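A quick write-up on the structure given underneath.
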């Protein structure tokens, strides 16, 4: 694995206007993002979707952090978001891909109540997405990109993503500042080809991009 150069500098995103400028989201898409923020706040009152302290920084912490993945796979039309939870990054990707023909996000989560939340958002916003209440590794899906955010340590996450990667997907996994130790642990179980990209939303964040994967001697 290698650390790649940063993407071309993007405008700092701290609020709604900055997000719209950075992503080029249409007025209709921005209205969807407003509704999604409202649904997150309402859902958080009855279940643990995101940290309550992160809602005031929704545009940078959640929306922009998720949206940056599109620049890493601009031609990808089909995505699988594993451990989709609150819909990050999957719902964000679906909103931004709403006006693209053939775009679709598969939201995968094993917890039924989170799936009900996701299904309600998908229906309300008429998103190009489907919800799958299942363990990620139990499904057999062919997609262009498999992604996840705050789901599991990398060595476990690669196990969940293996069926998708084996069928040709590229992995784009949002990670934090401990990515180096996670990668070291992952190499004990897996052999994989890829690189590590700096996050554009947080100087401490990283994105692990995986193209090929096979089990190592401990896997």
### Query
Is it fair to say residue 211 is more than 17 Å from the chain's Cα centre (by Cα) and surrounded by fewer than 19 Cβ atoms within 10 Å (Cβ to Cβ)?
no
### Query
Taking residue 161 and the conditions (1) under 23 Å from residue 185 (Cα atoms); (2) at pLDDT 95 or above; (3) assigned to a loop (DSSP other than H, G, I, E, B), which numbered condition does it fall short on, given that it satisfies the others?
(3)
### Query
Pick from 205, 216: which is out of contact with any helix residue (DSSP H, G or I) (no Cβ under 6 Å at 6 or more places or on another chain) and surrounded by fewer than 16 Cβ atoms within 10 Å (Cβ to Cβ)?
216
### Task
Those residues that are within 19 Å of residue 121 (Cβ to Cβ), in a helix (DSSP H, G or I) and in contact with a helix residue (DSSP H, G or I) (Cβ under 8 Å, 6 or more places away or on another chain), I need them from segment 8-33; list them, please.
16, 19, 23, 29, 30, 32, 33
### Task
Would you point out the residue of segment 70-81, among those that are more than 13 Å from the chain's Cα centre (by Cα) and surrounded by fewer than 17 Cβ atoms within 10 Å (Cβ to Cβ), that is nearest to residue 59 (Cα to Cα)?
74
### Query
What are the residues in segment 50-93 that are at pLDDT below 95 and more than 18 Å from residue 176 (Cβ to Cβ), if any?
52
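The values are calculated or read from the model by the stated rules, or taken from the named source; none is laboratory data. Quick caveat, the model's predicted, so the values are computed rather than measured. Every residue, glycine among them, receives a Cβ derived from its backbone with ideal geometry; neighbour counts consider all protein chains shown.
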